[in-house]
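J.: This is the structure I have questions about; it appears just below.
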Amino acid sequence: MAGELWTRNARDLAAMIARGETTSTAVIEAHLDRIATVNPSLNAVVVVLTDDALKAAAEADRAVAAGQTLPPAKRSRRCTVCHSRLRTISTWRASPRRTACQRSPAP
């Protein structure tokens, strides 16, 4: 099961964790294994926060084991490049709205 966890979407993974079919730690380990497998040729992940990810997963697993309900994941409202707050802007393209970095020029 762990070998295929990296192929699942976040909603499926959350449901599997809630049903006790897997753990947060197993999900993180599957994704870290996948990064280790493909990133050398892709160089898509510049910084892998292994320790932080495993620590957060262990905390989530402890909360689930204690019967707590985990909060839904939050969407980031920060630009991944410059970390400024994102804003929603209108565009004339196919999608009427998109999020953009405050430092990027409006289309």
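J.: Do the conditions hold for Ala18, that is, is it closer than 20 Å to Arg62 by Cα, open to solvent by 30 Å² or more (accessible area, probe 1.4 Å) and of a type outside the set (Ser, Thr, Tyr)?
T.: Against the criterion (closer than 20 Å to Arg62 by Cα, open to solvent by 30 Å² or more (accessible area, probe 1.4 Å) and of a type outside the set (Ser, Thr, Tyr)), Ala18 qualifies.
J.: Hey, any hits in region 33-42 for a residue that's within 15 Å of Leu5 (Cβ to Cβ), in contact with a Phe, Trp or Tyr (Cβ under 6 Å, 6 or more places away or on another chain) and modelled with pLDDT of 90 or more?
T.: Yes, because at least one residue in region 33-42 is within 15 Å of Leu5 (Cβ to Cβ), in contact with a Phe, Trp or Tyr (Cβ under 6 Å, 6 or more places away or on another chain) and modelled with pLDDT of 90 or more.
J.: Quick one: how many residues across region 43-55 are open to solvent by less than 60 Å² (accessible area, probe 1.4 Å) and modelled with pLDDT of 90 or more?
T.: Restricting attention to region 43-55, the residues satisfying the condition of being open to solvent by less than 60 Å² (accessible area, probe 1.4 Å) are 45, 50, 53-54.
Applying the additional criterion that residues be modelled with pLDDT of 90 or more yields 50, 53-54.
Adding up the residues that qualify gives 3.
J.: Let me spell it out: the conditions are (1) of a type in the set (Val, Ile, Thr); (2) closer than 17 Å to Gln68 by Cβ; (3) open to solvent by 60 Å² or more (accessible area, probe 1.4 Å), and Thr37 meets all of them except one. Which number is the exception?
T.: Condition not satisfied by Thr37: (2).
J.: Does region 57-67 include one or more residues that are β-branched (Val, Ile, Thr), more than 29 Å from Glu21 (Cα to Cα) and at pLDDT 55 or above?
T.: no
J.: Can I ask one more? From (1) of a type in the set (A, V, I, L, M, F, W, C); (2) open to solvent by 90 Å² or more (accessible area, probe 1.4 Å); (3) modelled with pLDDT of 55 or more, pick out the condition that doesn't hold for Val81.
T.: Against the list (1) of a type in the set (A, V, I, L, M, F, W, C); (2) open to solvent by 90 Å² or more (accessible area, probe 1.4 Å); (3) modelled with pLDDT of 55 or more, Val81 comes up short only on (3).
The values are calculated or read from the model by the stated rules, or taken from the named source; none is laboratory data. None of the values given here were measured: they were computed from a predicted structure. Neighbour counts run over all protein chains shown; Cβ positions are idealised from the backbone, glycine included. The protein model used for the area step is the full one, side chains on, heavy atoms only, and it has no ligands, DNA or RNA in it. Shrake-Rupley method; radii C 1.70, N 1.55, O 1.52, S 1.80 Å.
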